[in-house]
């Protein structure tokens, strides 16, 4: 299975390590959807494969909630309030639903609850807290001192070189909390200077004390690989292209922090069957994990993803094909938990995908399940009376 292959690569890269760190991360700038879930489940499956090798695993999940609110998703209330908060860090934008401490926290809490149902329990890291508490101060200073090296790496993939005054950082104005600067300068040491292009606030801050300074994504990602000692992290198509952020990240982490990049897997897009294009948080055209769990059992959601190689696009069915998916899962379960066939062929991969899909223990024998197509047909005959529908089989 592909998760076992990835785990073997992780161990081969550092055979004597005590703990292997696997990482996932998402910007909660909109509702976290089933397409975003692909990153998390990919890491969870590799974590399980590592544990099967009797390795200790630290599974970290970074909420990139110090990122900027660039766009207001169409599926949210309080559009005017959100528009007023554009260009602020999403962790400092009020929750449009008026419940959580921030817009970011609302999206985070929803998803954190949902993934419990599919047996995923990472260690959550909130980048807004880490940056605001100057946890990365030394890493930021180190990156600023090595701006020339970073520029040289990034310029290899650019048609126009970065500006002479470019820095690998961004800062939010301490007065208006936006990131639209007239200038930013690094005079050296722990000093950082800027002038806000909106409210014209001008100041010099101490990198060790400011709650507003961060690294830009292309440097932030490799910095965190080094800081957290990451051994495995996947990335989407957009990060995986030639000259994409993984390509530049592996050069930056080596040049600045003397580390190799983590073992990597590209994962592709997930769409909804019958709808064009990929899901998008900003458009609001999406299906959440919670909505998928209204249709599919938790183990089936895991199995749908475990059954696909990460670097293939696929569509999840929420139409009449749901019946077919249930039938396929039931058939797989019987085969996976039955005797090893005389000619195993693809059986070991089928069995492993089933094992990895189990939310908790793998059953010893296949549980009895009513034939799903017949069950749904009977449910219609008895006008949706579940008890009468069940009676035939249980």
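Computed from the coordinates by the stated procedures, all read-outs in this text should not be read as laboratory data. Quick caveat: nothing in here was measured; it's all calculated off a predicted structure. A quick note on method: Cβ atoms are made from the backbone with ideal geometry, for glycine too, and the neighbour counts reach across all protein chains shown.
Placing one identical point scatterer on every Cα of the chain and ignoring solvent, what is log10 I(q)/I(0) from the Debye formula at q = 0.10, 0.11, 0.13 Å⁻¹? Relative scattering, expressed as log10 I(q)/I(0), comes to -0.75, -0.89, -1.17. Helix 2-13 and the longest principal axis of the Cα set of the chain meet at an angle near 40°.
Just to confirm the number: angle between the C-alpha axis of helix 34-52 and the first principal axis of the chain, 0 to 90 degrees, nearest 10? Roughly 80 degrees, rounded to the nearest 10. Per residue, the average separation of C-alpha pairs within less than 8 Å and at least 6 apart gives the range 266-394 a relative contact order of 25 percent.
Counting only DSSP beta bridges whose two residues both lie in the chain, roughly 45 percent are antiparallel. Helix 372-381 and the longest principal axis of the C-alpha atoms of the chain enclose an angle of approximately 80°. Computed on the range 26-185, with alpha-carbon pairs under 8 angstrom and 6+ residues apart, the relative contact order is 22 percent. The mean sequence distance of close C-alpha pairs (under 8 Å, at least 6 residues apart), as a share of the length of the range 160-215, puts its relative contact order at 32 percent. How far is the Cα center of the range 241-317 from the Cα center of the range 326-394, in Å? Rounded to whole Å, the Cα centres lie 27 Å apart.
As a rough guide to protection, the peptides 103-109, 121-127 ranked by mean Cβ packing within 10 Å, highest first, stand as 103-109, 121-127.
Quick check: from the Cα gyration tensor, does the range 1-125 come out rounded (a/c under 1.5), prolate or oblate? Since a/c reaches 1.5 and a/b is larger than b/c, the shape of the range 1-125 is classed as prolate.
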